[in-house]
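> I'd like to ask you about the structure that follows.
The values are calculated or read from the model by the stated rules, or taken from the named source; none is laboratory data. Values in this document were obtained by computation on a predicted structure and should not be read as measured data. Every residue, glycine as well, gets a Cβ built from its backbone with ideal geometry; the counts of neighbours run over all protein chains shown. Each accessible area value is taken on the protein alone, full model and side chains, heavy atoms only, with ligands, DNA and RNA left out. Shrake-Rupley method; radii C 1.70, N 1.55, O 1.52, S 1.80 Å.
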Amino acid sequence: EAHATARFAATATPDQIRQLMIALEGFEQALSEPMPQRLLVDHARVFFDLILDGCANQVICDVLRGLTARISMLRSKSMSLSGRAVDSAKEMRAIAEAIAKHDPDMAQAAAKNHVCSARNAAQQVLEKQMTARPSALRKTD
């Protein structure tokens, strides 16, 4: 994603940037919904699909789109962590602003930061689930 983001920042058209900002605004608006997790995942997918579509590298697109189901599952896990969606919105805004400035290095750094933060959040959620599972499986007498 970071490399795709850098490529997109170098070549994004004004219309592509406008579409990216609309997708980001949808994500940010979903934060105020009562049960936003599914909406947040959907808006994040649209945001990153725009980046993939605009990166002009079919290999990157094919590889990342091949991982779409796993990425969506991990997004859903990370968004369930308290405060993660707000942090994600800030990270996505940093990505969008770097793209709007046509700054590939800043865009790549922002995307790397986002991916690392999302990975850490998803890992925390998965670890909690793994430690909770054994107690749920214990038999009661």
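> For the chain, how many pairs of lysine residues have a Cα-Cα distance under 19 Å, where the two are 8 or more positions apart or belong to different chains? Write out the running numbers ahead of the final one.
Numbers: Lys77/Lys90; Lys77/Lys112; Lys77/Lys128; Lys90/Lys101; Lys90/Lys112; Lys101/Lys112.
Summing the qualifying lysine pairs gives 6.
> At R0 = 25 Å, how high is the FRET efficiency between Ile22 and Lys128 if r is their beta carbon distance? Nearest 0.05 is fine.
Working: r = 34 Å, r/R0 = 1.37.
It comes out at approximately 0.15.
> For segment 10-26, just list the computed ³J(HN,Hα) in residue order, Karplus coefficients 6.51, -1.76 and 1.60, θ = phi - 60°, integers in Hz, with x standing in for Gly and Pro.
Result, rounded to whole Hz: 6, 10, 4, 8, x, 5, 5, 5, 4, 4, 5, 5, 5, 4, 4, 4, x.
> Roughly to the nearest percent, how much of the accessible area of the chain is carbon and sulfur, given a 1.4 Å probe? Spell out each step's value before the answer.
On the way: 4680 of 8250 Å².
Whole-percent figure for carbon plus sulfur exposure: 57.
> Compute and list, largest first, the equivalent-ellipsoid semi-axes of the chain from the alpha carbon gyration tensor, each √(5λ) rounded to a whole angstrom.
On the way: eigenvalues 192, 51, 31 Å².
In descending order the semi-axes read 31, 16, 13 Å.
> Where nothing but the Cβ of Lys and Arg (+1) and of Asp and Glu (-1) is charged, how large is the charge dipole of the chain around its Cα centre, in debye to the nearest 20? List each step's numbers first, then the result.
Details: 18 positive and 16 negative charges, 136 e Å.
Dipole of the chain, to the nearest 20 debye: 660 debye.
> Using a 1.4 Å probe, what is the accessible area per residue for the chain, in Å²?
Working: 8250 Å² over 141 residues.
I get 58 Å² per residue for the chain.
> Each label point is 7 Å from the Cα along the Cα-to-Cβ direction; what then is the distance between the points at Glu97 and Ser32, in nm?
2.1 nm
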